[in-house]
1. Under 19 Å between C-alpha atoms is the cut-off here; go through the chain and count lysine pairs that meet it, provided they're at least eight residues apart or on different chains.
2. I'd like to know which of TYR84, PHE64, GLN31 lies farthest towards the positive end of the charge dipole of the chain, counting +1 on Cβ of Lys and Arg and -1 on Cβ of Asp and Glu.
3. For a quick size check, give me the Cα extents of the chain along its three principal axes, largest first, whole Å.
4. Per the Kirkwood treatment, what hydrodynamic radius in Å, one decimal, follows for region 39-95 from the mean inverse distance over all distinct Cα pairs?
5. With +1 on each Lys and Arg Cβ and -1 on each Asp and Glu Cβ, how big is the dipole of region 2-108 about its Cα centre, in debye rounded to the nearest 20?
Amino acid sequence: MAVSENKKEQLLQRFDFAKKQNLDLMEEIEQYARDHNAFDTPFMQGYTFKTGIQALQKERDVVFNDENRKVVLTVDEDSNELDYLITKIEDQINHYGEMKMGLNIYFKSIN
């Protein structure tokens, strides 16, 4: 049982981390766009700064909300879904890292 509890705890920690990373990234992108009047400038993967911010907001509202956090807290400790959920959140965290790196390399290093 201890292994399952650790996975559940890991899932909760990764969920909270991804939620914070989403908010921090959204604020950083918005600040850059505001400072450089770049809301309509292409950012990455077909997104402008504005639509990238909107996508992050939607993700926060749909995925990283309090209701889903409650689900994480009540997930069955013996569930086979834990590994899958941890992997999916890890994928999202990696994607946020790519977005931040893109912002830093392609935009902040220029200005």
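What follows draws every value from the coordinates through simple rules; no lab data is involved. Values in this document were obtained by computation on a predicted structure and should not be read as measured data. Here Cβ is always computed from backbone atoms with ideal geometry, including for glycine, and neighbour counts include all displayed protein chains.
1. Here the count comes out as 24.
2. Final value for the positive-end residue is GLN31.
3. If we take the Cα atoms of the chain, the spans are 52, 24, 20 Å.
4. When all Cα pairs of region 39-95 are included, the Kirkwood radius is 13.2 Å.
5. On the way: 14 positive and 21 negative charges, 79 e Å.
In total the dipole reaches around 380 debye.
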